[in-house]
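Working notes, structure below.
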Amino acid sequence: MSNKNILKDNVGKKAADLIKDGQIVGLGTGSTTHYFIRHLGERIKNEDLNILGIPTSYQSLIIAREAGINTTTLDEYDIDIAVDGADEVNQNLDLIKGGGAAHTLEKLVDSSAKEFVVIVDDSKMVRDLGEFPVPVEIIPEALRVVKKSLIDMGGKPELRMGVQKDGPVITDNGNFILDTKFEKIRNPQKLEKELNILPGVLENGIFTDLVDKVIVGSPSGIKEID
Ligand code: 5RP
């Protein structure tokens, strides 16, 4: 396992240990949360726990099934605790998410949870958000119009392409992603709102005022910030 993956594994295990029997758990998306989901699956099996997961993507649904976690939906249950990764975390615990194109459902699930825990390795901790481009999910018909609006707002939007570069990434909701680089984001709350009122935008990857705890893994150990 690479050094970074060891850190992800450590924070994933730490978060899995927080989950209590009987809880409904939001399952985030991304490589760090995969470790969490796998560790949670092990605990469910070893301790015979009664836990249901609510996945934030097809990816996390499939990993949850592989890990032996039964899943349900937000339509049926409220969420006790959600555990998710992030692409950037600032000192106020605001986030940029959506590196895995799942931020729309992630924001719904994470914001619905009574407790929202973020797990990251220390490379994700930043002073100001914005080195990582903000993922903006748009309906395909809005591509040209929203791109222009984002440029007018000082952003540099780029349509996210698939690995083969032969077509755009399509989200679980059937939409496109405009990865939009802004200079240092001084007021994430304001930008989050301004992006979401553009017609054609479904959701953006800035998450503000949501996080209860961040678990950070570094070579010197695990730190919890709340
Ligand atoms: C997916 C996300 C992920 O949580 C974020 O991209 C972090 O992923 P990773 O743990 O693989 O670095 O927001 O939409």
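What follows draws every value from the coordinates through simple rules; no lab data is involved. Since the structure is predicted, the reported quantities are computational estimates derived from the model, not experimental observations. All Cβ positions, glycine included, derive from the backbone under ideal geometry; neighbour counts span all protein chains shown.
Extension gain for the segment Asp209 to Glu158, taken as residue separation times 0.36 nm less the Cα-Cα distance, is 15.7 nm to one decimal. By how many degrees, 0 to 90 and rounded to 10, does the Cα axis of helix 3-18 deviate from the longest principal axis of the chain? Once rounded, the angle reads 60 degrees.
A Förster radius of 41 Å combined with the Cβ-Cβ distance from Asp21 to Ser218 puts the calculated FRET efficiency at roughly 0.85.
Calculate the FRET efficiency for Ser123 and Val145 from the Cβ-Cβ distance with a Förster distance of 30 Å, rounded to the nearest 0.05.
The calculated FRET efficiency here is 0.30.
Placing dummy labels 7 Å off each Cα toward the beta-carbon, the span from Asp48 to Glu194 is 5.7 nm. Using a ≥ b ≥ c from the Cα gyration tensor of segment 165-221 (square roots of the eigenvalues), is it rounded, prolate or oblate, where a/c under 1.5 gives rounded and otherwise the larger of a/b and b/c decides, a/b for prolate? It comes out oblate by the Cα gyration axes.
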